[in-house]
Structure formats: structure tokens, C-alpha cells
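Each value in this text was obtained by applying a stated rule to the coordinates, not by laboratory testing. Since this is a predicted model, take the numbers as computed values, not measurements. Cβ coordinates were reconstructed from backbone atoms using ideal geometry, including for glycine residues, and neighbour counts include every protein chain displayed.
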Amino acid sequence: MVHCLVLPMLVTLFPIVHGSLLEEQYFHLIMLVLILPTSLVALTIGCRRHKDRATIILGSIGLTALTFTAIWGHDIFGYTGERMVTTVGGLVLVTAHIQNYLCCRRVDCQHDPSEDHQHQGS
């Protein structure tokens, strides 16, 4: 769970502090390649288990904003707008991960893949 919470927060802050390490467009695409699969797996496992609508909605909004902005953000929003939308999308995604984590804490689930197979076979 810690990586689900920390990775989006670090990635959200990284554009603010990264300076000119990479060209803006490439940076966002690389981050998207890292964030999208990780977040989809984490949120899908959690949402399948506890079916929390807030997690699904927030995760969808955050991932959609990040994907849209990584692909078309610079052309549509410009340099500053792209950073603002990326930051807001990242914060929404972090909120989805926190919501997912809180749902897990309420029901004390472990998301062990072997448990998923046991529940499906029952």
C-alpha cells in the first residue's frame, strides 16, 4: 500500500522540482508509462474487492487527466496550464489511492492474490 500512496505523491511533486532534466513532453509520457499501469493494477484490485464508487470515480478522473495532459496538454494548456492540470490530476489520483487505502483499512483486507482465487472458487 505504501508504494500506492508514495509514488503518485512523488510524481506529482517531481515536475515542480525537476527543472530541466527532460523535455517537458517526454517527461510526462515517461511518467504516464510508470503511473498508468501501477495505478490501474492497484485501483482495480482494491475496487474489485470493496467496490467503493469514490475510489473508482477519483481514480478515473485522475488517470484521465494525467493521460490527456501527457498527450495533448502542452498544445492545449500551454506550459503553465499543463503543469497545473498535471498537478491537479496527480492530486486527484493520490486522493483515489488514499480512499482505496482507507477502504482496505476498514475491512482489513490484504489483497493477497491467492485469496482472490479462493474467493472466486467458493
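Extension gain for Ile76-Arg48 works out to 6.6 nm (0.36 nm per residue, less the C-alpha to C-alpha distance).
Going from the fewest other Cβ atoms within 10 Å to the most, the residues Thr44, Thr95, Thr80 appear in the order Thr80, Thr44, Thr95. The listed peptides 59-66, 81-88, ordered by packing as a protection proxy, come out as 59-66, 81-88 (highest mean of other Cβ atoms within 10 Å first).
Taking 14 Å as the cut-off, no amide N atom of the stretch 71-95 comes nearer than this to a point 7 Å along the Cα-to-beta-carbon line of Tyr26.
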